[in-house]
Every structure is written in C-alpha cells, then in structure tokens.
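> This structure is in structure tokens; I'll ask about it shortly.
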Amino acid sequence: MKKKVLIYNGQLFMGGIEKVLTRYLHALSLQEDLEIELLIKENDPEKNVLYKELPKNLKCTFIKSRKMVNFREKMSSKRKNIFYNIIYQIMREIEKIQMKIFLKSFFQKNDDIDVVIDFDMSLGKYLDKIKTSKKIGWFHYSIAAKKGKKRERRRERLKGYDKLVTICDEMTEELREIYPAEIEKVIRLYNPLDIDEVKTTSQDMKNLNNEEKNLIKEKYLIGVSRLVHGKGREDLIKIYAKLKVLGIKEKLYILGEGPEKEKLEKLIEELGLKKEVFLLGQKSNPYVWMRNASLFLHPSYGEGFGLVLAESMVCGTPVIAYDCPTGPKEILEDGKSGGLVNVGDIEKFTELVYETLKNPKSLENYMKNSKNRVLDFSIEKIIKQFIEMLK
C-alpha cells in the first residue's frame, strides 16, 4: 500500500525554497510506493511561476481563491489610505479564519494521509486542525534570527511536530542551543541538487539573444540573488568599485529582481560604473551565466543554506562569500572549497577576490575541492535520506 504524503507550502514563486521543493517533487514522483499531494496557500498564477514546472501527475490544491488573493493584493497596494488599510486588516483576519475552516474540512475528508510536511514552516499555528499520524516541520532559515516573543511563540508550536528538518549542521546547532527540548526530533537534510541537470543546463546557450551572447563572451564576475537588502548587493557593487581601482578588467553581472533595484541603479551611477556593472534581471537559465563567469561573489548577510553557492560550484565557477549564518561555511568547508570572509568586511572581501583572480593555483584548488564537495548535495543521495525520514 502506498504511503500518502501531503506537502504544504505558501506559494510557488521563483524563490529558493520553492526551487528546492520543485526539485524534491520531481524526485518523489518517481517513487512507486509514495503518493504525493501538494497543498499551496496562495492561488496567484502570475507569481506562482513554478507551478508549470511541477510533475504532471501531481495533485495540487490551492487554499485561497485567485479572486481573494487579487482583492487582498489590491487593498495592500493602497494601504497608505486609512480606509483601504482597514479593509486590508479585515481581509487578513478573514483569511486566518478561512485557513482554519479549510484545514479542518480538508483533513476530515482526507483522513488517510500518513505524513504532512510543513515545508515552509508556516502551519505551526494550525497544527491542532491537522489530524494525521506524522507532522514534519522544515526549517529553511537561521533559527537564531527570531528573537523575543516570536522565538517563544515558536517554542510552543514546535511541540506539535513529530520531526524537524534542518538544512545544515550549523542550523542544527542553533536549534540545540535555542530549543534543546526538540533536538531529538531533528533530521539534517541538505538542500538537493540535480547535478547532471545543472551541468547540462549550464552549457545550453540556445535561448540567449544576440545581446546576451555578446555579454557572456566578456570576462566577468557574477552575483545571483534577489535584490533585497539581506543579500548584500550594495556591498557587492562597492567591492567591485574597489576592484576596479586595483585594475581588474572583469565586469560585474548581477542576476535577480527585487525591491532594491532602483537603489542599486543609483549606486552604480554614483560610482561611475554604468559601463561595467550590469543588472541583468531574472534569468530562466542562470547556470549558463554562472558557468562562464570567472568568480561567483556572494556577500550575503544571511542564508538558510545558500544552495546557489553549490550550484555555482557544480558549474565549475569558484565561490567567494560572506561567512554568514547559515550554510556558506559548511558548503565551502570552512574555506577549503571556496573563499570565506567575515560578514561586512568589504576590504577583506576585495582583497581575497583580487588575490584569487591573480592566482591561478588558488582558483584551481577551489575548483578541485568543489567537485568532490557537491556530491554531498546530490538529489540521489538526499532523496534516500528523505524517504527514510518518512518511515
């Protein structure tokens, strides 16, 4: 008899968590003894861009109607007006009530579900509505990031899970320190990589337009992330400005979209780097850009795991990153498989990038060690651990 597994996530946006989820779903859909179903909170076709990448045989249910999501977003965009802000707040409360009603009804109708996986860790407040044999919560971000009342609220909610997944050892140690009573529930599962797929995709240039083909022929450094403050894109541009003073010839390409874009454009103009630094937006195939770069630079102030570092390593491009919580130190083996710099130290980061570019042996060592390290993140290895967790 097949084991029935329900996986919950808030949305299917083009985000790190969602990309990892999609990768898991494809691997799990091949398991003959599992029946996988997906439960998604937000029905937003425009933003749920990864919906089309789900396995075709996967059943997917949305909690909130498209009409409700659109109306709430419309009210949210007008929140500066007190009238619309009141409507927005009322909508939020209605959605919480609707969520409780939906989950209670859903699990009454589907009482044969064996395992529920709260993939984005947002079902904690509703666990009493979920009547099933096993509930698994999944951490994707630094556990230490939550402080005060939020941390204590989580302490109570964690009691409702049977197992807890962390995505790196550093995160496990955070949990041990902050929530010691829950440590026996913990399983560490690295975010998985389809290594063969990344390698193949990184060589696929057929969808590049002429302008992109010309750009990719240049020598360049690269950064890939959402354009948000925590990802350190401002630091990246400042680091590059210092590298230009030192005389490097490489350009800087930044892939990704986000609310910081306008601010970054102004910084690029202020530093006189419009001909050297390019904000290229979100790319459907970032791997081809990673593969052709000289170095992958990631001065991020915080990660859950930092899978993009491992992806760059698979593409054969060495990484230099801030030693932020959590993930980079573990992925890069404390500097063995890539460069690490203390968070916020722009001077040291600049120095390490410059020295690495000028030292072919250093690049060669990073690349050699990376080839072995990325095998620890292979989907084949991780999926076996995942299936074992379900028992």
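The values are calculated or read from the model by the stated rules, or taken from the named source; none is laboratory data. Predicted model, so just to flag it, every value in this text is computed and none were measured. All Cβ positions, glycine included, derive from the backbone under ideal geometry; neighbour counts span all protein chains shown.
> Going through Leu227, Leu189, Leu175 one at a time, which residue ends up being assigned by TED's automatic domain parsing to the domain that holds Leu279 and either under 18 Å from Leu309 (Cα atoms) or at pLDDT 95 or above (or both)?
The conditions single out Leu227.
> State which residue pairs qualify: first residue more than 17 Å from Leu246 (Cβ to Cβ) and touching a residue at least 24 places away in the same chain (Cβ under 8 Å) and inside region 344-370, second residue aliphatic (A, V, I, L, M) and part of a helix (DSSP H, G or I) in any location, beta carbons under 7 Å apart, and separation of 6 or more residues or different chains.
Going by the 7 Å Cβ cut-off, the qualifying pairs are Ser370/Met313.
> Quick one: is Leu363 touching a Ser or Thr at 6+ places or on another chain (Cβ under 7 Å) and of a type outside the set (Lys, Arg)?
yes
> Just checking, does region 211-220 include any residue being in a strand (DSSP E or B), surrounded by fewer than 18 Cβ atoms within 10 Å (Cβ to Cβ) and touching a residue at least 12 places away in the same chain (Cβ under 8 Å)?
No, region 211-220 contains no residue that is in a strand (DSSP E or B), surrounded by fewer than 18 Cβ atoms within 10 Å (Cβ to Cβ) and touching a residue at least 12 places away in the same chain (Cβ under 8 Å).
> With exposed (fewer than 14 other Cβ atoms within 10 Å of the Cβ), over 27 Å from the mean Cα position of the chain (by Cα) and on the phi < 0 side of the Ramachandran plot as the only criterion, which of Lys52, Lys80, Lys96, Lys56 stands out?
Only one candidate passes the filter, namely Lys80.
> Oh, and also: Write out, first by first residue and then by second, each pair whose Cβ atoms fall under 7 Å of each other, whose residues are 6+ apart or on separate chains, and whose first residue, in region 308-335, is of a type in the set (S, T, N, Q) while the second is assigned to a loop (DSSP other than H, G, I, E, B).
Sorted first by the residue in region 308-335, then by its partner, the pairs are Thr317/Ala293; Thr326/Ser142; Thr326/Cys168; Thr326/Glu303; Thr326/Gly304.
> Still on this structure: Here's a check for you: in region 101-133, which residue that is part of a loop (DSSP other than H, G, I, E, B) and among the aliphatic types (A, V, I, L, M) is surrounded by the fewest Cβ atoms within 10 Å (Cβ to Cβ)?
Only one residue fits best here, namely Ile130.
Every residue, every condition in (1) surrounded by 13 or more Cβ atoms within 10 Å (Cβ to Cβ); (2) in contact with a strand residue (DSSP E or B) (Cβ under 6 Å, 6 or more places away or on another chain); (3) hydroxyl-bearing (Ser, Thr, Tyr); (4) part of a loop (DSSP other than H, G, I, E, B), yes or no:
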{"residue": "Lys135", "(1), (2), (3), (4)": "yes, yes, no, no"}
{"residue": "Glu152", "(1), (2), (3), (4)": "no, no, no, no"}
{"residue": "Glu170", "(1), (2), (3), (4)": "yes, no, no, no"}
{"residue": "Lys199", "(1), (2), (3), (4)": "yes, no, no, no"}
{"residue": "Asp204", "(1), (2), (3), (4)": "no, no, no, yes"}
{"residue": "Ile222", "(1), (2), (3), (4)": "yes, yes, no, no"}
{"residue": "Leu227", "(1), (2), (3), (4)": "yes, no, no, yes"}
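> Just one of Lys348, Lys368, Lys361 is assigned by TED's automatic domain parsing to the domain that holds Leu236, over 27 Å from the mean Cα position of the chain (by Cα), of a type outside the set (Phe, Trp, Tyr) and more than 30 Å from Gln31 (Cβ to Cβ); which is it?
Just one listed residue meets the conditions, Lys361.
> Also: Is region 79-91 home to any residue that is over 19 Å from Ile136 (Cβ atoms), touching a residue at least 12 places away in the same chain (Cβ under 8 Å), of a type in the set (D, E, K, R) and in contact with a helix residue (DSSP H, G or I) (Cβ under 8 Å, 6 or more places away or on another chain)?
Within region 79-91 (the criterion being over 19 Å from Ile136 (Cβ atoms), touching a residue at least 12 places away in the same chain (Cβ under 8 Å), of a type in the set (D, E, K, R) and in contact with a helix residue (DSSP H, G or I) (Cβ under 8 Å, 6 or more places away or on another chain)), the answer is no, since none of the residues qualifies.
> With (1) surrounded by 14 or more Cβ atoms within 10 Å (Cβ to Cβ); (2) under 15 Å from Ile216 (Cβ atoms) as the list, and Gly281 as the residue in question, which single condition is left unmet?
Checking Gly281 against (1) surrounded by 14 or more Cβ atoms within 10 Å (Cβ to Cβ); (2) under 15 Å from Ile216 (Cβ atoms), the one that fails is (1).
> So which helices (runs of 4 or more DSSP H) stay within region 262-350 end to end and still have 2 or more residues that are out of contact with any Leu (no Cβ under 7 Å at 6 or more places or on another chain)?
So the answer is 286-291, 307-314.
Matching residues to (1) under 17 Å from Gly304 (Cβ atoms); (2) touching a strand residue (DSSP E or B) at 6+ places or on another chain (Cβ under 6 Å):
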site: Met121; (1), (2): yes, yes
site: Thr132; (1), (2): no, yes
site: Ser142; (1), (2): yes, no
site: Asp196; (1), (2): no, no
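Per-residue answers, yes or no, for (1) farther than 24 Å from Gly15 by Cα; (2) at pLDDT 90 or above:
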position	(1), (2)
Glu93	yes, yes
Met121	no, yes
Gly124	no, yes
Ser133	yes, no
Gly137	no, yes
